[in-house]
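K.L.:
Quick one: the structure is below, questions incoming.
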Amino acid sequence: MADRFAAPDYGVLAALVVFVVASIALAVYAQRATQKGSFLSSYFLGNRGLGAWALALTATVQSGGTFMGYPALVYSHGWIVGLWIASYMVVPITGFGLLAKRLAQLSRRSGAITVPDLFRERFDSPAAGVVSSLLIIVFMTFMMVAQFKAGASIMKVVWPNAAVAVDAADGTAPATDLKAEATSKSTTTGGLSHDQFLFYLGLVLFTITVVGYTMVGGFLAAVWTDLFQSVLMWLGVMLLLGLSMYQLGGIGNLTPGAVAQTSPQFAYGPGYSTDGRQFLTPGLAFSVFFVWVFGGLGQPASLVRLMACKDTQTIRRSVLLLAVYNSMIYLPLIFICMAARAAMPTVPVADEVIPRMALWTTRDLPGGSLLAGLILVAPFGAVMATVSSYLIVIASGLVHDVYQRFINPKATERQLQSWTYAVMVLVGIVAIVANLKPVAYLQAIVVFCGSSCASSFAVPALMTAFWRRATAPGVIAAMLAGAGMSLTLLVLGSLCMDDQMLGPKTNFRSYYLLGLEPIVWGLLASAITGVVVCLCTRPPSAKRIAWLFDAA
Amino acid sequence: MVAPTTEDPVLRSARREAVVAALVWAIALTYTVGGSILYGYRDGAEPVRYVYGVPDWAVWFIVLPWGASLVVSWWFAYCWMTDEPLGEEHDQEVPSDGR
């Protein structure tokens, strides 16, 4: 059993540098691919040419959380987290089967390049475009600022001999190894502690890298880096699974070993805890089938990738590819975390469990540091790809949906390009400034904004695709009702109510009305409001409906 | 009701696929969540029952349906979904929304 934790050395940093260089190379290659066609269509939508691999492995919910937040929950609460993530088994079918074909067709027929574009053209309503633009820009800016902190934190921990410490799930200050903490306190650089210095260095390097390569390659750079990190993540999980089983003596020893370090409750619901918290009550178990399925479906960054797919054959292949990929990521991670709990029962910050396992299982192997590096760059890549895709969505929203629509409809390609670059640099600067005092509750902000996006856009997207009677006021009302419900439950949970001792522990929490996840209420509010307002307002023009719903 | 002859064939097939996708989701939810609630929620007082080192309820209600979902995904993608042309991109000048 591990009695001390390993620290990264130069091999890990080398792996990170290789990953960054590879991402920049992909961006340069992407730039060549985007030189065909108009700037907007190629830079923000990759000329609608996404293939099956790119679509399958990048269009649904996969981020740094897959490699950090989720393993932390398995490590903390046990096998019940398998039920928490189980809806991922149907995400390939729902993610592509519910909307992909129709959205891809509608966006082509209407010429839509962005999600607000789609709403605007479908309903012939600038208001629908503006409301969706504003919601997207607000939610995604918050999510993105939080992700910059995650990127900087990972850069900090891969620094040779740095403490392995990233943000706790509840947003509290990260714990560090005592030895490393003592070192950080004794060393200062320009008035900053060693730890702070590494964080700010990581923040600046991360920002330059991610803004730089996104500027160069646009949408395709974001997608290809996402694909690259997805493959790395798969490779990392397979390696770590093999190493964990080798170290613990086979798959049959993993869960019993973890149970021996905790209690039999580690194998059952509602999950193991030391403070009486019920991680997954039956009500929450029911809710999570909405969280992952609609959470993926309602993300603007996911919707835009569906719009960008090449053809229907691509969509079909993506279903199977993603199904295989998900089963080879999420189930093995449970076994790895069981091994971690058995081998390292007292990891101080649960979010560190994968980095620590990577370092621990490779500590005695020749070239183990590089191997650990390979495993550790996967979450970094995931965060980088997430930030890159958000940058694209925010830039397209500001440049196409605001600047081109409202300020300068006759803008030339060169002007659009210049504004896009300027917006990206500006967003990078805002992210750095916002993280000078690092945001707290990182994971919780990401979850809240993700749920709010899903509550705002999942129902309107379904109405847009399939319901002839849907109207612009109805869809706007559905968006606002979903966002409003999310915000109301957040205010109730964080400011007005005591901790219900349900779900993950965090101070930035929503209220679980009737024990259900907020997204369930958000979707319900969005659906009811949307349908009622649609039926109470004037039907859309028959000509537009025929154009978008009938055979050409 | 729209006459089948006028409705866009891509819309028709997309709706048919969406209905089945929603059904698959509902069945997975019912089986996985229902079974797990019935058999996977215990007070931890009794010893854990394992199948190949995995808690028995997790084998039946998480691992097994996850395996089955691979087969269903294959069927959905290669037997149920159909290929259709998505159409040409409509090229239009961006209208001004400034008032």
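K.L.:
In the set B:21, B:28, which member is under 30 Å from residue A:469 (Cα atoms) and surrounded by 16 or more Cβ atoms within 10 Å (Cβ to Cβ)? If you could, list the steps in order and put the result at the bottom.
P.N.:
Working: B:28 fails: under 30 Å from residue A:469 (Cα atoms).
Of the residues listed, the single one that is under 30 Å from residue A:469 (Cα atoms) and surrounded by 16 or more Cβ atoms within 10 Å (Cβ to Cβ) is B:21.
K.L.:
Which one is surrounded by the most Cβ atoms within 10 Å (Cβ to Cβ) among residues in the range B:51-86 that are more than 7 Å from chain A (Cβ to nearest Cβ) and farther than 21 Å from residue A:89 by Cβ?
P.N.:
Going through the qualifying residues, I end up with B:82.
K.L.:
Here's a follow-up. Which of the following residues is in contact with a Ser or Thr (Cβ under 9 Å, 6 or more places away or on another chain) and not in a helix (DSSP H, G or I): B:10, B:24, B:48? Reasoning before the result, please.
P.N.:
On the way: B:10 fails: not in a helix (DSSP H, G or I); B:24 fails: not in a helix (DSSP H, G or I).
Checking each option against the conditions leaves just B:48.
K.L.:
Hey, another quick one. Does residue B:28 qualify as being among the small types (Gly, Ala, Ser) and at the interface with chain A (Cβ under 8 Å from one of its Cβ atoms)?
P.N.:
Values: among the small types (Gly, Ala, Ser): yes; at the interface with chain A (Cβ under 8 Å from one of its Cβ atoms): yes.
Criteria met by residue B:28.
K.L.:
Under 8 Å between Cβ atoms, which residue pairs at least 6 apart in sequence (or on different chains) link something in the range A:381-400 that is under 15 Å from residue A:116 (Cα atoms) with a partner that is outside any helix (DSSP H, G or I) and among the polar types (S, T, N, Q)?
P.N.:
Going by the 8 Å Cβ cut-off, the qualifying pairs are A:393/A:114; A:396/A:114; A:397/A:114; A:400/A:114.
K.L.:
Yes or no: residue A:457 aromatic (Phe, Trp, Tyr), surrounded by 22 or more Cβ atoms within 10 Å (Cβ to Cβ), farther than 24 Å from residue A:104 by Cα and in contact (Cβ under 8 Å) with a residue 40 or more places away in the chain?
P.N.:
Details: aromatic (Phe, Trp, Tyr): yes; surrounded by 22 or more Cβ atoms within 10 Å (Cβ to Cβ): yes; farther than 24 Å from residue A:104 by Cα: no; in contact (Cβ under 8 Å) with a residue 40 or more places away in the chain: yes.
No, not satisfied.
K.L.:
Just checking, does the range A:112-135 include any residue being over 15 Å from residue A:475 (Cβ atoms) and not β-branched (Val, Ile, Thr)? First the steps, then the outcome.
P.N.:
Filtering the range A:112-135 down to residues over 15 Å from residue A:475 (Cβ atoms) leaves A:113-114.
Then drop every residue that is not not β-branched (Val, Ile, Thr), which leaves none.
For the range A:112-135, residues over 15 Å from residue A:475 (Cβ atoms) and not β-branched (Val, Ile, Thr): absent.
K.L.:
Follow-up. So residue A:525 clears everything in (1) within 25 Å of residue A:448 (Cβ to Cβ); (2) within 14 Å of chain B (Cβ to nearest Cβ) except one condition, right? Which one?
P.N.:
Of everything listed in (1) within 25 Å of residue A:448 (Cβ to Cβ); (2) within 14 Å of chain B (Cβ to nearest Cβ), residue A:525 misses just condition (2).
K.L.:
Counting just the residues of the range A:460-495 that are assigned to a helix (DSSP H, G or I) and either without any contact (Cβ under 8 Å) to a residue 12 or more places away in the chain or among the basic types (Lys, Arg) (or both), which one comes out surrounded by the most Cβ atoms within 10 Å (Cβ to Cβ)? Show your work before the answer.
P.N.:
Within the range A:460-495, the subset assigned to a helix (DSSP H, G or I) is A:460-466, A:472-495.
Of the ones still in play, those that are also either without any contact (Cβ under 8 Å) to a residue 12 or more places away in the chain or among the basic types (Lys, Arg) (or both) are A:488, A:491, A:495.
On the way: A:488: 17, A:491: 13, A:495: 8.
Per the stated criteria, the residue is A:488.
K.L.:
Something else: When you scan the range A:93-121, how many residues do you find that are more than 12 Å from chain B (Cβ to nearest Cβ) and of a type in the set (Lys, Arg)?
P.N.:
Residues that pass the stated criteria total 0.
K.L.:
Now for a different question. Using beta carbons and a limit of 6 Å, which pairs, at least six apart or on different chains, have the first residue in the range A:70-87 and within 12 Å of chain B (Cβ to nearest Cβ) and the second one outside any helix (DSSP H, G or I) and modelled with pLDDT of 95 or more?
P.N.:
Partner pairs satisfying both residue conditions: A:79/B:55.
K.L.:
Restricting attention to the range A:468-513, and to residues there that are basic (Lys, Arg) and at pLDDT below 95, which single residue is farthest from residue A:73 (Cα to Cα)? Walk me through how you get there before you give the answer.
P.N.:
First pass over the range A:468-513, keeping only residues basic (Lys, Arg): A:468-469, A:505, A:509.
When the remaining residues are screened for being at pLDDT below 95, the result is A:505, A:509.
Numbers: A:505: 10, A:509: 16 Å.
Here the residue is A:509.
K.L.:
To continue, here is another question. Do the conditions hold for residue A:367, that is, is it more than 14 Å from every other protein chain (Cβ to nearest Cβ), of a type outside the set (D, E, K, R), surrounded by fewer than 21 Cβ atoms within 10 Å (Cβ to Cβ) and in contact (Cβ under 8 Å) with a residue 40 or more places away in the chain? Talk me through it step by step, then tell me what you get.
P.N.:
Details: more than 14 Å from every other protein chain (Cβ to nearest Cβ): yes; of a type outside the set (D, E, K, R): yes; surrounded by fewer than 21 Cβ atoms within 10 Å (Cβ to Cβ): yes; in contact (Cβ under 8 Å) with a residue 40 or more places away in the chain: yes.
Answer is yes for this residue.
K.L.:
Something else now. Say whether the condition of being of a type outside the set (Gly, Ala, Ser), under 24 Å from residue A:84 (Cα atoms), within 14 Å of chain B (Cβ to nearest Cβ) and under 21 Å from the mean Cα position of the chain (by Cα) is met by at least one residue in the range A:255-262.
P.N.:
Let us first name the residues in the range A:255-262 that are of a type outside the set (Gly, Ala, Ser), namely A:255-256, A:259, A:261-262.
After this cut, where a residue has to be under 24 Å from residue A:84 (Cα atoms) as well, the list is A:255-256, A:259, A:261-262.
Narrowing the set further to residues that are within 14 Å of chain B (Cβ to nearest Cβ) leaves A:255-256, A:259, A:261-262.
Adding the requirement that they be under 21 Å from the mean Cα position of the chain (by Cα) leaves none.
Looking for residues that are of a type outside the set (Gly, Ala, Ser), under 24 Å from residue A:84 (Cα atoms), within 14 Å of chain B (Cβ to nearest Cβ) and under 21 Å from the mean Cα position of the chain (by Cα), one finds none in the range A:255-262, hence no.
K.L.:
I'd like the full set of residues that are of a type in the set (Val, Ile, Thr) and more than 18 Å from residue B:58 (Cα to Cα), limited to the range A:263-294. Reasoning before the result, please.
P.N.:
Here is the first cut: in the range A:263-294, the residues of a type in the set (Val, Ile, Thr) are A:274, A:281, A:288, A:291, A:293.
Selection gives A:274, A:291, A:293.
K.L.:
Of all residues in the range A:263-295, which are touching a Lys or Arg at 6+ places or on another chain (Cβ under 7 Å) and within 10 Å of chain B (Cβ to nearest Cβ)? Can you show your working first?
P.N.:
Taking the range A:263-295 first, the residues touching a Lys or Arg at 6+ places or on another chain (Cβ under 7 Å) are A:268, A:277.
Within the range A:263-295, A:268 is the sole residue that qualifies.
K.L.:
State all residues of the range A:329-347 that are more than 14 Å from every other protein chain (Cβ to nearest Cβ) and within 17 Å of residue A:67 (Cα to Cα); if no residue qualifies, say none. Before you say what the answer is, go through the steps one by one.
P.N.:
Within the range A:329-347, the first condition is being more than 14 Å from every other protein chain (Cβ to nearest Cβ), and the residues that meet it are A:340, A:343-347.
The answer is A:340, A:347.
K.L.:
Give the residue, chosen from A:94, A:34, A:66, A:58, that is hydroxyl-bearing (Ser, Thr, Tyr) and at pLDDT 90 or above.
P.N.:
Numbers: A:34 fails: at pLDDT 90 or above; A:66 fails: at pLDDT 90 or above; A:58 fails: at pLDDT 90 or above.
From the options A:94, A:34, A:66, A:58, the qualifying one is A:94.
K.L.:
Go through the range A:348-359 and give me each residue that's more than 24 Å from the chain's Cα centre (by Cα) and buried (at least 24 other Cβ atoms within 10 Å of the Cβ). First the steps, then the outcome.
P.N.:
Going residue by residue through the range A:348-359, those that are more than 24 Å from the chain's Cα centre (by Cα) are A:348, A:359.
Passing the criteria: only A:359.
K.L.:
Related question: Would you check which residues across the range A:504-538 are in a loop (DSSP other than H, G, I, E, B) and touching a strand residue (DSSP E or B) at 6+ places or on another chain (Cβ under 8 Å) and list them?
P.N.:
At the first step, the residues of the range A:504-538 found to be in a loop (DSSP other than H, G, I, E, B) are A:504-512, A:516-517, A:537-538.
If the condition is that a residue be in a loop (DSSP other than H, G, I, E, B) and touching a strand residue (DSSP E or B) at 6+ places or on another chain (Cβ under 8 Å), then A:512 is the only one that fits.
K.L.:
Within the range A:303-328, count every residue that is β-branched (Val, Ile, Thr), at the interface with chain B (Cβ under 8 Å from one of its Cβ atoms) and under 11 Å from residue A:100 (Cβ atoms).
P.N.:
First, pick out the residues of the range A:303-328 that are β-branched (Val, Ile, Thr): A:304, A:312, A:314-315, A:319, A:324.
Right, trim to at the interface with chain B (Cβ under 8 Å from one of its Cβ atoms) and you get A:312, A:315, A:319, A:324.
If we keep only those that are under 11 Å from residue A:100 (Cβ atoms) too, we end up with A:312, A:315, A:319.
Counting residues in the range A:303-328 that are β-branched (Val, Ile, Thr), at the interface with chain B (Cβ under 8 Å from one of its Cβ atoms) and under 11 Å from residue A:100 (Cβ atoms) gives 3.
The values are calculated or read from the model by the stated rules, or taken from the named source; none is laboratory data. Everything numeric here is computed off the predicted structure, so don't read it as measured data. Glycine gets a Cβ as well: all are built from the backbone with ideal geometry, and neighbour counts include every protein chain shown.
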